[in-house]
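Have a look at the structure below before the remarks.
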Amino acid sequence: MLRTILAWATIALVAGSYLDAPAQELSSRVAAPTSPYRSVLNRYCVTCHNENLRTAELMLDKMDLENVPARAEVWEKVIRKLRTGAMPPAGMPRPDEATYDSFATYLETELDRAAKANPNPGRAVIHRLNRTEYTNAIRDLLALEINGRSLLPGDDSAGYGFDNIGENLTVSPALLERYLSAAEKISRLAVGDASMSPALKTYDVPQRLVQEDRMSEDLPFGSRGGIAFRHYFPLDGEYIITVRLQRSSHNDGIIVGIAEPKLIDVRLDGSRIMLFTVGGERKGKSGGGQAIGDPEQEKYERTADDGIEVRFPAKAGPHLVGVTFLKGTVKPEGALERNARLGKESREGVGSVMIAGPYDPEGPGDTPSRRKIFVCRPADSGDAEPCAKKILSTLARRAYRRPVTDEDVQPLLSLYKAGQSKGGFEAGIRMALQGMLVSPGFLFRVERDPANVAPGNAYGISDLELASRSSFFLWSSIPDEELLDWAERGKLKDPAVLEEQVRRMLGDSRSEALVSNFAGQWLYLRNMDSVYPDPDVFPCAPSGLVGQVEGNS
């Protein structure tokens, strides 16, 4: 039922001008001639709302009920009051329900009739892709998951409380610099760059998150605490995972919960790559409170996790990394334990996981992004430019959300030639892709007036514009191949085709963006990542929260 409602709501929002109700349907809604409504107005409304009293600056004594559309903005206010029963105020004479409904229906019908005869849809402004739309567009264009928060600043939502309002999505010189930087990083990840230097990325676990049980569906059964996350390995090569354990919240650098030996399990795509033992060593007296421990023991309690590091080979592409403790069967369950003498938490926890690499790279590998990009391979030097043109034309069609012309492709080919002359075929494709990702055709949604329409006249949007409206509304992303195909054939405006496509899109997992973006902004759910429960009050953290923690470079 919900999907049916959403489907029809979507159709009405993005293509209302094509699905208007017949005129006879609107005219059938008129319940009565005008004269009875003047007497209703005089009896219940004009007493307060007249030119003498000017209550709420609403004067209805001179309003023309024969020409409702002439003062549409005033009658819209009256309709809202009638439909909610807010006027007349309590204690004053009020009409019966039938009169309320009949009068409101008459006003609505007159306004609807005028809007149908003289539609005023307004003008769509140039709409820059916001950060969420940009992130999703990269995912669907290049099969590459990126962290939009680390690449781009947040969008302005001060005007209406939402960050997808076109008139608020301005562009500053600083933002353009970020787009240029993002395009460079994304193109290198998508195509692969064997010359890239090793880089380090850190995934932090919130300091106060209680790690008492299995923390994510991506971690194995029988585990305790830890973190699971997806990391993109840019090249085939070797990488190093380094694990740091949680320290005491007293800022003394003491590792939490190493009085007894613990087993730390490090996994890649569910398979164990190393099992570490940490803790349980005695090198002297331990300090705590006001006491001073033996230097060797104090050093050990600060550096016991120095050896939790493993170097391993990995193929390029996205992989699931998991770091957790093996859950001992004799471990007590329940609320967070505390050592009264030391005043410190006694339960172990993972503090952060760092991934460095690639080392000794072997090449860009076979990633989902490369399979998406390289739709052909040149057999020899003579095939290189035609193949490059095919690759760039295919990508540009999706990126620009429309068929591309030679005028669109030639600038990309120029970039390809510049990159190819320095680093070969793939370097050329990488440079052309970088240019595509900062082009206005990708970063902006523009709806142009048809050439044969006089200024100020209303007109129906094109099928391609309808495709973009639909996909960005439902998916917060670019249209897919099927939607573009219907639009290019000029069939998307057909009500039956449009309904079929909307239902298909709502059935796709990408439609979760319709709910998550709206609810995330309306109810401020996007701020939940920065809010952590007090472990003294809420000792058990929500399952799976750790696996959703954002990484930071």
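The values are calculated or read from the model by the stated rules, or taken from the named source; none is laboratory data. The shown structure was predicted, so the numbers you read here are calculated from the model rather than taken from an experiment. As a convention, Cβ positions derive from the backbone with ideal geometry for all residues, glycine included, and neighbour counts pool all protein chains shown. Ligands, DNA and RNA are stripped out before the accessible areas are found, and what is left, the full protein with its side chains, is counted by its heavy atoms. Shrake-Rupley method; radii C 1.70, N 1.55, O 1.52, S 1.80 Å.
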Ordering of 454-464, 44-54 by packing [mean C-beta count within 10 Å, highest first]: 44-54, 454-464
Residue 359 accessible area, assembled protein chains, probe 1.4 Å, Å²: 70
Residues in the stretch 379-413 that a label on residue 508 would reach, taking backbone N under 17 Å of a point 7 Å out along Cα→Cβ: 395-403
Difference of contour (0.36 nm per residue) and Cα-Cα distance, residue 327 to residue 124: 67.4 nm
Nearest-0.05 FRET efficiency for residue 488 and residue 70, computed from C-beta distance (R0 45 Å): 0.55
Linear extension gain, residue 208 paired with residue 285, 0.36 nm per residue minus alpha-carbon span: 25.0 nm
Paramagnetic label zone (point 7 Å from Cα along Cα-to-C-beta, residue 199; backbone N under 15 Å) in the stretch 302-316: 316
Solvent exposure, largest accessible area first (probe 1.4 Å, DNA, RNA and ligands not counted), of 247, 272: 272, 247
For residue 366, solvent-accessible area (1.4 Å; no DNA, RNA or ligand), Å²: 110
DSSP-assigned coil residues among GluC sites (Glu not before Pro) in the stretch 195-264, each with at most 12 further Cβ atoms within 10 Å: 217
Pairwise FRET efficiency - residue 53 versus residue 302, Cβ, R0 = 60 Å, nearest 0.05: 0.15
Exceeding the 26 Å Cα-Cα cut-off - candidates 116/491; 185/390; 262/299; 262/285; 201/285: 201/285
